Amino acid sequence: SLNETLPIDALIHCAAKLPNPKSENENDDAYNSINVRGTENLLYWAKTAGVKIFLYISGTGVFEDSANNFEENLSNNPRSNPYHRSKANAETICQSYTNSEMRVIIFRISAPFGYVKNNSVIPKFILRAKSNQNIELWGSGNRSQIFTFTEDIGLACRLVFINKSEGI
């Protein structure tokens, strides 16, 4: 139980039900149950447990902005799928805790990647480049994507904890 780990000064909440590309029939219920109510329950527990900092890892899909204008005060306008709607709703719940004794911070991370060996685009690209293999590009070449290295996410989380009293 979480209570056995007390006291806790800070908590990073990055758990979520992720989209399953193989499932066409995903609906809001499963995402709301896990991503929204799960976040709400964890926030409530953290507040009652005396946690000082609650860091919620969200994504850039909580707003639709084709120009990639990522601004601090950009309000939720989620992309049209159950996952992004659930993350936007969880953010709203996080924001409702901002007047408590607990500091709540939301990070919107775009396409995290790391050292895990899998078939996602970045590890595949790096492996092919290191092996001097051809790199196959699909589409017109007009699409762009911002990727975030997992160690950079970890460093950003660490800076939140180091700079407890500063607004980040």
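Would you please name the residue that is nearest to T60 (Cα to Cα), looking only at residues in segment 90-110 that are within 18 Å of the chain's Cα centre (by Cα) and of a type in the set (V, I, T)?
I109
Taking segment 33-48 on its own, how many of its residues are open to solvent by 30 Å² or more (accessible area, probe 1.4 Å) and of a type in the set (A, V, I, L, M, F, W, C)? Write out each step before concluding.
Kept after step one, since they are open to solvent by 30 Å² or more (accessible area, probe 1.4 Å), are these residues of segment 33-48: 33-34, 37, 40-42, 44-45, 47-48.
Checking which are of a type in the set (A, V, I, L, M, F, W, C) leaves us with 34, 42, 45.
Qualifying residue count for the region: 3.
Only one residue in V104, V121 is β-branched (V, I, T) and free of Cβ contacts under 8 Å to residues at least 40 places away in the same chain. Which one?
Working: V104 fails: free of Cβ contacts under 8 Å to residues at least 40 places away in the same chain.
Checking each option against the conditions leaves just V121.
Please give the helices (runs of 4 or more DSSP H) falling wholly within segment 10-97 in which 2 or more residues are among the aromatic types (F, W, Y), at pLDDT 80 or above and closer than 24 Å to F161 by Cα.
Numbers: elements: 28-31, 37-49, 82-96.
Passing ranges, in order: 37-49.
Any idea which residue in segment 111-158 is nearest to the chain's Cα centre (by Cα), counting only those that are of a type in the set (D, E) and surrounded by fewer than 12 Cβ atoms within 10 Å (Cβ to Cβ)?
Going residue by residue through segment 111-158, those that are of a type in the set (D, E) are 136, 151-152.
Narrowing further to those that are surrounded by fewer than 12 Cβ atoms within 10 Å (Cβ to Cβ): 136, 151.
Details: E136: 29, E151: 14 Å.
My answer is E151.
The values are calculated or read from the model by the stated rules, or taken from the named source; none is laboratory data. Keep in mind that this is a model prediction, so the values were computed, not measured. Note: ideal-geometry Cβ built from the backbone for every residue, glycine included; neighbour counts use all protein chains shown. Note: accessible area is taken over every heavy atom of the protein model, side chains too, but ligands, DNA and RNA are not part of it. Shrake-Rupley method; radii C 1.70, N 1.55, O 1.52, S 1.80 Å.
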